[in-house]
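The values are calculated or read from the model by the stated rules, or taken from the named source; none is laboratory data. Since we're looking at a predicted model, the values are computed, not measured. Here Cβ is always computed from backbone atoms with ideal geometry, including for glycine, and neighbour counts include all displayed protein chains. With ligands, DNA and RNA removed, areas are computed over all heavy atoms of the protein, side chains included. Shrake-Rupley method; radii C 1.70, N 1.55, O 1.52, S 1.80 Å.
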Amino acid sequence: MMTPTEGMLDIRPRALGDRLERETKREGNTSQGLPASAKSLTPGIQSVKQELDAVRREQAKLQQAIYEAAQIQRKLCAPRELVWGEFEIAGEIFPVRHLSGDFFKVMELGSALGLTVGDIAGKGLSAGIWQAHLMGLIRRCARRHSDPAAAVAEVNAELCQDQDEPPIAALFFARLDPQENELVYCNAGLPAPLLLRRNKTVERLEKGGPMLGAVQKAAYDTGSVRLNPGDMSLAYSDGVTECRNSKDEEFEMRRLSAAANAVGGASANQVLFSTLGAVLDFADACSPEDDLTLLVIRRREGTMIERSPSRSKDFSTPHRGPTSVVRLKKAERRGNRSK
């Protein structure tokens with residue numbers, strides 16, 4: 001479903017086009033005896049044409065502004081790929097429109113690393129505008145509280161405070177401790193992230209509480225897991241597991257864990273794009289109906305590597321693997337045709 005603004009971009013030019021066609025027929029019926037040049041300059045037709053041209057110019061400017069906002073949104077979600085000691089982190093958003101209601105963020109919190117995946121209810125302009133506000137709240141609260149549940153609870157309270165209609169959002173927030181190799185987390189309504197052990201067993205990170213923006217004094221719990229060499233965690237929005245194919249089947253968590261395990265031992269970035277490619281292969285000709293977001297955290301095997309912020313990659317456009325880029329571009333084209 002289009003947002004009202006997006007709908008007007010399509011409806012108004014079509015309405016003017018219909019009006020121009022009616023005006024042309026009317027003028028044609030009443031000017032049979034006029035020369036061709038006089039017919040083409042009749043005031044009614046010229047007026048509608050000028051109005052239609054003005055609307056098209058306005059539409060092009062608005063589309064350009066939305067595109068530029070989408071590029072800013074992608075930059076806010078950087079870094080998209082990071083090597084941090086023994087850990088690799090890679091994330092990607094695949095929006096169904098220019099602006100996404102999904103987001104992820106990786107940020108340094110002293111000696112720990114903060115990891116966030118969020119999904120704001122809705123799509124398009126309204127969700128995209130709320131995204132920047134919510135990301136700012138998360139950053140501020142994450143720096144004030146070492147306990148993820150306390151940080152999430154404060155974000156929720158601030159969203160609910162003095163807002164007539166606060167956005168409803170799902171959020172996974174975690175702190176990665178490089179000394180203990182521990183992921184301490186709170187999951188507020190997002191599908192439970194997966195912990196894929198090196199031996200192929202799968203655990204779900206379910207500790208947390210309700211979605212943000214629903215209950216001001218909601219209670220949240222903190223969970224923790226240790227990441228051993230070769231283990232990886234996948235945090236994702238519901239657009240991934242709820243992506244449907246032509247048989248109306250959902251991709252589901254079972255296929256997600258199988259797709260990630262199929263490339264076990266690969267880098268976090270390779271796992272990321274191989275898994276997203278598997279989702280879009282499953283959907284085939286069906287365009288995704290919701291934004292797709294995936295964040296992969298992997299503890300590498302082998303010797304400890306010194307933490308180096310310079311190894312992060314902060315891209316304004318996504319870094320896409322060679323096998324997955326074709327699938328993603330095909331899905332983008334299908335999505336654009338369906339609008």
Item to complete: Can you give me the number of residues within the range 173-191 that are under 24 Å from A153 (Cα atoms) and out of contact with any helix residue (DSSP H, G or I) (no Cβ under 8 Å at 6 or more places or on another chain)?
Response: 6
Worksheet item: Among the residues of the range 99-111, is there at least one that is under 18 Å from P193 (Cα atoms) and aliphatic (A, V, I, L, M)?
Response: yes
Worksheet entry | Matching residues, the range 145-181, being open to solvent by less than 50 Å² (accessible area, probe 1.4 Å), under 17 Å from V215 (Cβ atoms), without any contact (Cβ under 8 Å) to a residue 60 or more places away in the chain and not in a helix (DSSP H, G or I) | P166, P167, A169, L171
Worksheet entry | Residue among Y185, Y236 that is in contact with a Gly (Cβ under 8 Å, 6 or more places away or on another chain) and of a type in the set (F, W, Y) | Y185
Worksheet entry | Tally, over the range 239-266, of residues that are polar (S, T, N, Q) and within 22 Å of the chain's Cα centre (by Cα) | 3
